Amino acid sequence: MPDLNCRIKPDPEVIITTLEEDKEAVLLHLGTKAYFTLNETGLRIWQLMNSDITLREISERLQNEFDVSPEKAKKSVLNLIDELVKEKLVRVVDE
Amino acid sequence: MPSIVIELTNHCNLSCQHCLDGRHSSDGGNLKIEIVEKILQDAKGIKIDFLSFTGGEPTLHPRFTEILKKVYEAEYNFGFVTNGWNFTEMYRHLLPFRDRLRGITFSLDGSREETHDRIRGKGSYRRVMQDVSICIVKDIPFTINTTVMFHTKGKLKEMAELATKLGSRGLRFGHLMPTPRNIANGLTISPEECVVVEGMIGKLQQSFTMPIIMAPGYYTTNLFPCATLQMQEFNIDWRGNVTFCCHMSGHGNGTGNKDVIGNLDEMSFAETYKRFINLDEKFRKEKIERHSKREFKDSDYFPCWYCVNYFKKVD
């Protein structure tokens with residue numbers, strides 16, 4: 001299971017489609033054909049994943065941008081990444 | 001209930017390998033909105049309640065949203081066929097009319113990205129995948145249309161599996177019209193192969209729960225198998241012509257217009273309907289006569305090929 005020191009990258013076979021003026025998104029894995037929806041926070045985490053930063057840094061950015069507690073931000077990031085890993089939608093770059 | 005297939009425009013943003021020659025020429029155009037209004041006014045009178053928009057790419061009609069609004073307000077159900085290229089931008093405009101939207105049909109000419117993109121252009125497969133993603137999230141019903149070509153004839157099951165996994169409400173296979181360009185590009189399959197393909201599709205129909213249909217044009221001894229020949233479907237091209245031949249209406253830049261029943265700029269839809277009945281009677285009589293005199297060639301049992309020749313739609 002990824003921890004806060006990990007960096008995560010989207011799987012290259014995943015395409016993302018943003019909806020409702022970028023406040024929601026849906027992922028589709030072209031290999032498995034599995035769909036996965038992202039809410040506003042999830043979409044922001046996905047976008048930050050492409051910045052080559054650790055999950056800890058993503059969590060810190062979320063605290064500032066969404067005005068949430070550090071614990072809540074960490075939990076949101078780790079829970080989402082855990083689900084995305086299980087669905088093979090992301091890959092752990094380093095641990 | 002009978003329906004009308006309306007070609008809103010013959011403009012298209014893609015340049016697909018298998019597209020009909022001259023269909024999207026620079027002298028093309030868009031169906032006038034006054035003609036749409038005329039159709040909406042008259043069609044209920046002959047118990048039509050469903051309109052299907054095609055093209056070209058129908059969403060490129062400059063007044064597409066306005067047309068949908070009029071269709072909605074006139075209480076018609078509707079759907080449209082699209083290549084999906086600009087759906088991620090335009091889907092928002094559909095949402096106010098969704099309760100009358102019966103489905104969107106996406107054209108997908110290969111179960112694999114490289115196959116579809118070879119025919120329709122790079123990036124078009126991923127666009128359709130984005131489109132169906134939106135449909136899933138927004139609960140917009142969609143189906144998939146696919147043309148059987150030389151390089152896809154062996155991947156019919158793969159296509160059915162893809163459509164199922166994507167959540168499509170149905171899959172429609174169609175034969176490719178054997179135009180000179182399609183033959184030259186090596187896209188077509190022989191009449192014998194068409195019959196084999198139809199058998200394979202028959203098996204898929206039995207093994208998948210998702211509805212799988214074969215578009216009109218398959219081999220059949222039924223002389224009047226399609227909706228048009230059963231007076232259940234009417235076709236109107238972007239010029240406002242009510243036409244008898246569905247597959248190749250508007251083809252040929254004005255040549256071979258024997259299938260044109262009348263133009264809605266010059267007459268009402270109700271008048272063209274009367275002419276349609278007369279042409280249908282003549283067509284039926286002649287086809288039965290030819291068949292009974294054993295004048296049918298093998299290709300005449302593919303109804304689209306029969307019509308294309310009957311109306312002289314190709315050279």
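The values are calculated or read from the model by the stated rules, or taken from the named source; none is laboratory data. Only a predicted model underlies this, so the values are computations on that prediction, with no experimental measurement involved. Every residue, glycine among them, receives a Cβ derived from its backbone with ideal geometry; neighbour counts consider all protein chains shown. Areas reflect the complete protein model, heavy atoms only, side chains present, ligands, DNA and RNA absent. Shrake-Rupley method; radii C 1.70, N 1.55, O 1.52, S 1.80 Å.
Numbers at a glance
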read-out	value
Scope segment B:15-37; condition modelled with pLDDT under 80 and over 14 Å from B:GLY55 (Cβ atoms); matching residues	B:ASP21, B:GLY22, B:SER26, B:ASP27
Test: residue in segment A:84-91 that is touching a Pro at 6+ places or on another chain (Cβ under 8 Å), open to solvent by less than 50 Å² (accessible area, probe 1.4 Å) and assigned to a loop (DSSP other than H, G, I, E, B)	yes
Residue list for segment B:91-114, filter: within 13 Å of another protein chain (Cβ to nearest Cβ), open to solvent by 20 Å² or more (accessible area, probe 1.4 Å) and assigned to a helix (DSSP H, G or I)	B:ARG92, B:LEU95, B:GLU113, B:GLU114
Filter result for the condition that a residue is in contact (Cβ under 8 Å) with a residue 40 or more places away in the chain and either within 14 Å of chain B (Cβ to nearest Cβ) or not acidic (Asp, Glu) (or both), over A:VAL92, A:VAL26	A:VAL92
One residue from B:THR105, B:THR152 being under 20 Å from the mean Cα position of the chain (by Cα) and modelled with pLDDT under 95	B:THR152
The one condition in (1) over 25 Å from B:VAL137 (Cα atoms); (2) surrounded by 17 or more Cβ atoms within 10 Å (Cβ to Cβ) that A:LEU4 fails to fulfil	(2)
Selection within segment B:120-141 - touching a strand residue (DSSP E or B) at 6+ places or on another chain (Cβ under 8 Å) and away from chain A (no Cβ under 13 Å)	B:ARG120, B:PRO141
Qualifying residue in segment B:143-150 (condition: within 14 Å of chain A (Cβ to nearest Cβ), in contact with a strand residue (DSSP E or B) (Cβ under 7 Å, 6 or more places away or on another chain) and either farther than 21 Å from B:CYS19 by Cα or crowded, with 20+ Cβ neighbours inside 10 Å (or both))	yes
Positions within segment A:32-66 being outside any helix (DSSP H, G or I), away from every other protein chain (no Cβ under 14 Å) and under 15 Å from A:ILE15 (Cβ atoms), in sequence order	A:ASN50
Output for segment A:24-38, where each listed residue is under 14 Å from the mean Cα position of the chain (by Cα) and either of a type in the set (Ser, Thr, Tyr) or at pLDDT below 95 (or both)	A:GLU24, A:THR37
Criterion violated by A:THR54 - all others in (1) open to solvent by less than 30 Å² (accessible area, probe 1.4 Å); (2) over 16 Å from A:VAL92 (Cβ atoms); (3) of a type in the set (S, T, N, Q) satisfied	(2)
Residues (part of a loop (DSSP other than H, G, I, E, B), under 16 Å from B:GLY103 (Cβ atoms) and in contact with a Lys or Arg (Cβ under 9 Å, 6 or more places away or on another chain)) located in segment B:39-82	B:TYR76
A:VAL26, sole failed condition from (1) open to solvent by 70 Å² or more (accessible area, probe 1.4 Å); (2) within 27 Å of B:ARG92 (Cα to Cα); (3) touching a Ser or Thr at 6+ places or on another chain (Cβ under 6 Å)	(1)
The one condition in (1) within 23 Å of B:CYS16 (Cα to Cα); (2) in contact with a strand residue (DSSP E or B) (Cβ under 7 Å, 6 or more places away or on another chain); (3) touching a residue at least 40 places away in the same chain (Cβ under 8 Å); (4) open to solvent by 30 Å² or more (accessible area, probe 1.4 Å) that B:GLU158 fails to fulfil	(2)
